[in-house]
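Working notes for the structure below.
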Amino acid sequence: QVLFSEPFAIRTPAMTSGRFSLVAGASRVTDRWLALLMLAAATSAEHCTEDIQGPLHLSTAAKGTVLQLPEVQSMATSMSHALLCRRIVREARGRAARNFNRAYLEHCSRQLSLIAALSKKAAVLVPDDVCQALFSQVDAPTAQWRVSDSRRLSSEEGGVADARRAKQGELVLQPRVFLSELAGFNFGELIVKEEKGTLTKAELEYMNSWASPAIVGQQAVALACQQELAETWMQGRVPSVINRAAATKFLRRSQSDFARMPSVVHVRAEADTSGALVWPLPAVQDTTVLMSHALHCKQMVQAMPAAPGHGFDKVHREHCAARVAMIEAYIKEAGVAVQKAVCEALFPEVDGLDAPDIEGSMFRVFNTSDAQRARRGGTVLDPQRFLMHFASWKLGWLIGKEANGTLTTAENEYMRSWETRAVIRQQAIAFACEAALTDQWMHGQGAMVFAS
């Protein structure tokens, strides 16, 4: 269909090969040469990831910047950032100000000023039901901290212990927690460098992306929702930074434990510490991931009205059809409606807002060279993007196991977490917005990495 489409009107909602689906958003591709390259990437993608075994060796810095940083394009990350800044500024008033780093305060005050200015210029009223859906607590095996846990993981039990292992050249045992906390530490370091005026060009581009109208608009939606609701949701994501005393203690420890990481860290890639759930996997509690997955499935069902007769394409299409049916049933039951202004804020055009490409990867998040290096036991040069792609393939692998009835207990728990009401409520927001808007957003996300 791609090869023999009418020139200059090639629509590529989903191209599948073997067990991996490459999604280019449902964007109009106006260059046949680009479409052919995308088809070639889809054809080779499976062979670049399926036989990666053993520990992964991840680079930590390149081209004037650290490589593990919070993803600006992540809706949950941008909203968490705004909510945390509001809390920091609020608690830093008066005598409490001495308990906070001045660079953090200045950064957060500046970010809140941008949000306030945008809200004043174009106020967005977010209905309570939309807020309730956006800030639903999603309890999933991929969560850094489980909502159902009677106690939270302390930093000592999580990333800090692995940071010490990484510095000694040992294997990181809990990569999900370690990489998240390393990204947070690196971001804090950039905030300090920002105040001092010592950012590199690449770091400055990254920090400036947080001030883009697209990101500030998403953050304005978060601050427009009920404060208690949003901060309860944030506490489920980053509990260590909610309590000021805990945050201060964590920052003091992490300054020594996460600082001066070696140029390469080694992480286990077979399973987490339970030995039952593979890693990496798409994080179900990440709003961007679950909305992208829903939109991908919607596009696939529309592009393939009937399931293929055999193979993974059949399993994939059946998986997506079931997800779409769940979301549409919920929309019908709950009468979900989202105003256009809210949709525009939630699903902005976000292309190019994250860290600069490494090695000029033309697909932004799909770098076959890194997959080949990982397969040979070499160093992954662009780890965040590689891990997103690898996680997508792992999800496809679980979909195949699900169809065969061979999921482990932990894997089944993970797959069922995609079907919870909290997840479906958030995905319904994406379905309720105009397709042209969400398609554009998907394309900007490089949505292939969220595909199943």
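The values are calculated or read from the model by the stated rules, or taken from the named source; none is laboratory data. Source: prediction; values computed, not measured. Glycine gets a Cβ as well: all are built from the backbone with ideal geometry, and neighbour counts include every protein chain shown. Just so you know, the surface numbers come from the protein's heavy atoms only, side chains and all, with ligands and any DNA or RNA stripped out. Shrake-Rupley method; radii C 1.70, N 1.55, O 1.52, S 1.80 Å.
Taking the highest mean first, how do the peptides 418-428, 202-212 order by number of other beta carbon atoms within 10 angstrom per residue?
Highest mean packing first, the order is 418-428, 202-212.
Got a number for carbon plus sulfur as a percent of the stretch 258-348's accessible area, 1.4 Å probe?
55 percent
Of K298/K401; K167/K201; K298/K340; K121/K332; K314/K401; K120/K340, which sit over 25 Å apart, Cα to Cα?
The answer is K167/K201; K121/K332.
With each label point set 7 Å from Cα along the Cα-Cβ vector, what nm distance links Q302 and S113?
4.2 nm
Kindly rank 164-176, 117-129, 69-81, 287-299 from highest to lowest mean number of other beta carbons found within 10 Å of each residue.
Packing proxy ranking, top to bottom: 287-299, 69-81, 164-176, 117-129.
When the chain is fully extended, how far beyond the present Cα-Cα distance does K193 get from R102, taking 0.36 nm per residue of separation?
Answer, rounded to one decimal: 31.6 nm.
Figure the gain on full extension for Q372 and K63 (residue separation times 0.36 nm, minus the Cα-Cα span) and round it to one decimal in nm.
Answer, rounded to one decimal: 109.1 nm.
Modelling each spin label as a point 7 Å along the Cα-to-Cβ direction, I'd like the A211/R421 distance in nm, to one decimal.
Spacing of the two 7 Å Cα→Cβ label points: 4.4 nm.
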